[in-house]
Amino acid sequence: MKHINSVNEFVIRFANTNGTGSASANNMFAKALFRMGVPVSPRNVFPSNIQGMPTWFDVRVSEKGYLGRREGGAEIVVGMNAQSMVADVEHVLAGGYFLYDSTKEIDPQLLRKDITFLGLPISDVCRKEYTDPRQRQLFKNVIYIGALAALLDMDFDVLKGLISDQFKGKEKLIAPNVHALELGYQMATSNFTCPLSITVKNSDQVGSRILIDGNTACGLGAVYGGCTVAGWYPITPSTSVVENFEKYCNRLRIDPASGRKNFAVMQAEDELAAIGIAIGGGWNGARSFTATSGPGVSLMTEFLGLAYFAEIPVVLMNVQRAGPSTGMPTRTQQSDVLSCAYASHGDTKQVMIFPSSPKECFDMSADAFDYAERLQTPIILMTDLDLGMNDHLTEELSWDDSREYDRGKVLNAQQLEEVEEFGRYLDVDGDGIPYRTYPGTHPEKGIYFTRGTSRDEYAVYTEKGEDYVRNMERLEKKFATAAELLPQPEMHAGNAGSKVGVIYYGTTDHAMDETFDMLADQGYSLDGMRVKSFPFGKAVDDFIKKHDQVFVVEQNRDGQMRTLLINELEIDPAKVVQVTHYDGMPITASFISEAIVKNIAIKPAKKKAAKRG
């Protein structure tokens, strides 16, 4: 058999049972490689139930820095779940390895001649070492990590350091965990020739980057962005956004003198009430947000319309997932683009921003509160399950302490005294954005009723059609102002004069560097543009006009971003080709490059065959 030979370039899959504590151990493996300086991208594929069903944890190790999910099988599979053993054995690439618990003999029908089976009696060892059933389960996970340390030639001291950090303050747990690691290490060296033909070695490719999930970065970004009010109702995969917000508030938003909390986190009875709390906070002058996923957006739609027309700043963080019902909603998608862009009834358009990394989750979460107050409208941060719940390698989070928040057009009592006439919905500056006041600013001036659509520039009730039209046209002008204020697209330049472009957004970016390299290997050079916000600015329009054919890559069935581009920019639909991926797993470079090569209109020139002498 020919073994796969590789250093710092492979995929390893852990196949476990949900609820057995395996994710912590598998994450420790990924973090160990990260601390060795090797780029990694871990992804937890978990079922919708709490305990008992198959779960997988994939770690892509890439010295080249390719951090998107890779199509196909894995070089190594750690199979610890009998329920999924058949599929897990099939998942191993020819020449790869299958590590399993040999306490119970493996079904001979599963054996393959083109891979190497590495059986270790892990459960048997746990029964002898530990009396507590829960410890037997938990340490089984640590033992196979110890075995991998020997098999892959990992830095064992890094693993011991991780355990010390993980159990800081609970020192009595450090020694038994290190012992379990050593048990696995010794079992591997006693039974096999270590290391295997697939190994890891220390590298410097990580640099100053950190490993963090998007939901944590969003929660911390909200704190740094000055948010003090969160109304929420739990829903996977957004729940940990608010949990992290509250965690960091408890560390950073407590008055040291009085111990008083300078923030409020309110769990509501449903999503309607959750966003109602956030809108109420925004109306009162507090920076406020809520977090949810697709079904929550559906329930919040009516309130989103009210905030749009009443012009109340609020931030909604939407961690997208697959559609309703139990099961697929624990998988990732970008399937709420259209429902958020036009959320609510009437001629409503909502502002969206699209982060692609935890660093951008942090930055854009903080910026979102500035945008919301500057534009006096809801801002929807569009992340997804893959970004939100998995750790990603990202630039360090940073903050300028001298930064001042943009509170937008707010008149204080003195300014109200100075203005001759105050109109809450009066466009004084010609940018479509009126001035507002905080409740209670002045005993007489600046008082108004917050209304929806039936009011004039002075917030006076009216049913006149001409007043309605003027208001709608001003809101349209404000939307155009937003296009210039929001983050501009990021460009990837192909060869000069390239007539084919590709548009993408959010976590699709993870696969794009590898995609461009794959296409280049086949002679294709495409320009790329990562969209970061909606409404679209001039740069987006120019990019599409500049190219003869444009691919729009996204993770939903219907090509929602393509539809939005066609609708908003009045593009010829024949010019934009959709590349859609929607099986619930993150999109891959091979999927994108194959779709583009299949549909590209301009083929590369064929190389001339060398003449024989």
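Summary table
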quantity	calculated
Of all residues in the stretch 518-560 being among the polar types (S, T, N, Q) and part of a loop (DSSP other than H, G, I, E, B), the one that is most open to solvent (accessible area, probe 1.4 Å)	GLN522
Failed item in (1) of a type outside the set (D, E, K, R); (2) under 22 Å from GLY19 (Cβ atoms); (3) within 33 Å of the chain's Cα centre (by Cα); (4) modelled with pLDDT of 95 or more, with LEU152 passing the rest	(2)
Qualifying residue in the stretch 127-141 (condition: within 30 Å of PRO39 (Cβ to Cβ), touching a Gly at 6+ places or on another chain (Cβ under 7 Å) and either in a strand (DSSP E or B) or open to solvent by less than 70 Å² (accessible area, probe 1.4 Å) (or both))	yes
Lone qualifier among GLU71, GLU75, GLU63 - being of a type in the set (D, E, K, R), in contact with a strand residue (DSSP E or B) (Cβ under 7 Å, 6 or more places away or on another chain) and modelled with pLDDT under 95	GLU71
ASP558 being of a type in the set (D, E, K, R) and touching a residue at least 12 places away in the same chain (Cβ under 8 Å)	yes
Test: residue in the stretch 87-105 that is charged (D, E, K, R), buried (at least 21 other Cβ atoms within 10 Å of the Cβ) and not in a loop (DSSP other than H, G, I, E, B)	yes
Selection count where residues are acidic (Asp, Glu) and open to solvent by less than 60 Å² (accessible area, probe 1.4 Å), scope the stretch 393-449	3
Unique match (being under 17 Å from LEU181 (Cα atoms) and either open to solvent by 10 Å² or more (accessible area, probe 1.4 Å) or modelled with pLDDT under 95 (or both)) among GLN166, GLN109	GLN166
GLU466 closer than 19 Å to ALA372 by Cα and assigned to a helix (DSSP H, G or I)	no
Residue count, the stretch 390-438 (criterion: under 26 Å from LYS477 (Cβ atoms), in contact with a strand residue (DSSP E or B) (Cβ under 9 Å, 6 or more places away or on another chain) and of a type in the set (D, E, K, R))	3
Which listed residue, of ALA230, ALA322, is among the aliphatic types (A, V, I, L, M), open to solvent by less than 10 Å² (accessible area, probe 1.4 Å), touching a Phe, Trp or Tyr at 6+ places or on another chain (Cβ under 9 Å) and closer than 30 Å to TYR435 by Cβ	ALA230
Odd one out for SER325 among (1) more than 17 Å from the chain's Cα centre (by Cα); (2) closer than 30 Å to ASP456 by Cα	(2)
Out of SER208, SER190, SER203, sole residue that is small (Gly, Ala, Ser) and surrounded by 14 or more Cβ atoms within 10 Å (Cβ to Cβ)	SER203
Members of the stretch 302-325 found to be out of contact with any strand residue (DSSP E or B) (no Cβ under 7 Å at 6 or more places or on another chain) and under 12 Å from ILE380 (Cα atoms), listed by number	PRO313
Selection count where residues are in contact with a Lys or Arg (Cβ under 8 Å, 6 or more places away or on another chain), over 14 Å from THR17 (Cα atoms) and open to solvent by 20 Å² or more (accessible area, probe 1.4 Å), scope the stretch 63-86	4
Test: residue in the stretch 505-520 that is in contact with a helix residue (DSSP H, G or I) (Cβ under 6 Å, 6 or more places away or on another chain) and of a type in the set (S, T, N, Q)	yes
Looking only at the stretch 352-392, and only at residues there that are in contact with a Pro (Cβ under 6 Å, 6 or more places away or on another chain) and either among the aromatic types (Phe, Trp, Tyr) or open to solvent by 20 Å² or more (accessible area, probe 1.4 Å) (or both), the one that is nearest to LEU338 (Cα to Cα)	MET389
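To keep it simple, each residue is scored yes or no on (1) at pLDDT below 95; (2) open to solvent by less than 40 Å² (accessible area, probe 1.4 Å).
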residue	(1), (2)
PHE14	no, yes
ALA32	no, yes
ARG35	no, no
GLY52	yes, yes
THR55	yes, yes
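The values are calculated or read from the model by the stated rules, or taken from the named source; none is laboratory data. The shown structure was predicted, so the numbers you read here are calculated from the model rather than taken from an experiment. Reconstructed Cβ throughout: ideal geometry from the backbone, glycine too, with neighbour counts over all protein chains shown. These accessible areas exclude ligands, DNA and RNA; they are computed on the full protein's heavy atoms, side chains included. Shrake-Rupley method; radii C 1.70, N 1.55, O 1.52, S 1.80 Å.
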